[in-house]
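The values are calculated or read from the model by the stated rules, or taken from the named source; none is laboratory data. All values derive from a computational prediction rather than experimental measurement. Here the Cβ positions follow ideal geometry from the backbone for every residue, glycine too, while neighbour counts run over all protein chains shown. Just the protein is used for accessible areas: all its heavy atoms, side chains included, with ligands, DNA and RNA removed. Shrake-Rupley method; radii C 1.70, N 1.55, O 1.52, S 1.80 Å.
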Amino acid sequence: MKTYGGSFLYHLDDRQLAIGLVVALNYRNPFLSPYDEFQKFKQHPAIRTLLEGGTVLQYGARTLNEGGFQSIPNPVFPGGAIIGCSAGFLNVPKIKGSHTAMKSGMLAAEATFKALVEGSSIDLYWENLKKSWIWDELYRARNYRPAFEYGFIPGMALSAVERYIFKGKSPFTLKHGKPDHEATEMVNLHSPISYPKPDGQVSFDVPSSLYRSNTNHEHDQPPHLRLRDPAVPETVNLPQYAGPESRYCPARVYEYVSDENGDPKLHINAQNCLHCKACDIKDPKQNIEWTVPEGGGGPGYTVM
């Protein structure tokens, strides 16, 4: 009741489906596993009926910028500009951002052309962005996501008022809560979550899903997942948060294994990484740093 999320299911050509679950990373319970929540979601009678008898084509994961209007940065910097979802142009209540990404790219291209041909400033992109329908759409959707900081029922009530009474033009703008990594609570405040075992028909284990992501990294390349302090996982994350990195990662990159003395140590399977960047965002102490891997490794999506 206190965890924000959403889902999508699109019917495509050739009897194909695109299905996904969104879990906000400011969830409190360190035992929550977004991957396992997705597998459980597919067992819902209304969803399972659509999936039974089918074949999984691909699996993947990605974090979304859900800050919306309140979190849009100045997208112009010397020599370039930020466009699309990188700048946070996602319409959070609709879980859609392709249209705003395309429009922002068009505005950036127009500003770049004028800067090269007419000698104007690339700042024109920022000015035109604030005059475009992107700005208006995100402004009208700005209060839906932060409304759920108060819980599910208050969030639904505030969203209804925003939608049907103010129609996105309310006289106030709600603020976001604390950063996602600070929202994670201590393990003693929560009970472990028991997730059903995958049935191999509509729900699957992580190795099976990873195989369908076509992810690959050279085993001898420098690690692109780095710990700022190697001692934090065993001294802080494991005793205080029950090792949440082993659950918030949708590729099981992080796992605790026993060393020769029987003590648990964090092992990083960097070759499994889907580049979702959840670890860089959700780690309670911001101890994990995601960097660009060498040689272009990563997931090999073809239909996603």
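Say whether the condition of being open to solvent by less than 40 Å² (accessible area, probe 1.4 Å) and either without any contact (Cβ under 8 Å) to a residue 60 or more places away in the chain or touching a Cys at 6+ places or on another chain (Cβ under 9 Å) (or both) is met by at least one residue in region 180-196. Within region 180-196, none of the residues are open to solvent by less than 40 Å² (accessible area, probe 1.4 Å) and either without any contact (Cβ under 8 Å) to a residue 60 or more places away in the chain or touching a Cys at 6+ places or on another chain (Cβ under 9 Å) (or both).
Determine whether region 167-181 contains at least one residue that is aromatic (Phe, Trp, Tyr) and not in a loop (DSSP other than H, G, I, E, B).
No, region 167-181 contains no residue that is aromatic (Phe, Trp, Tyr) and not in a loop (DSSP other than H, G, I, E, B).
When we screen LYS40, LYS2 for residues that are within 30 Å of LEU174 (Cα to Cα), in contact (Cβ under 8 Å) with a residue 60 or more places away in the chain, open to solvent by 80 Å² or more (accessible area, probe 1.4 Å) and of a type outside the set (A, V, I, L, M, F, W, C), the only hit is LYS2. For region 64-75, taking the residues that are within 20 Å of the chain's Cα centre (by Cα) and open to solvent by 30 Å² or more (accessible area, probe 1.4 Å), the one that is nearest to GLU127 (Cα to Cα) is identified as PRO73.
The set of residues in region 85-122 being open to solvent by less than 90 Å² (accessible area, probe 1.4 Å), in contact (Cβ under 8 Å) with a residue 40 or more places away in the chain and closer than 30 Å to TYR10 by Cβ consists of PHE89, ASN91, VAL92, PRO93, ILE95.
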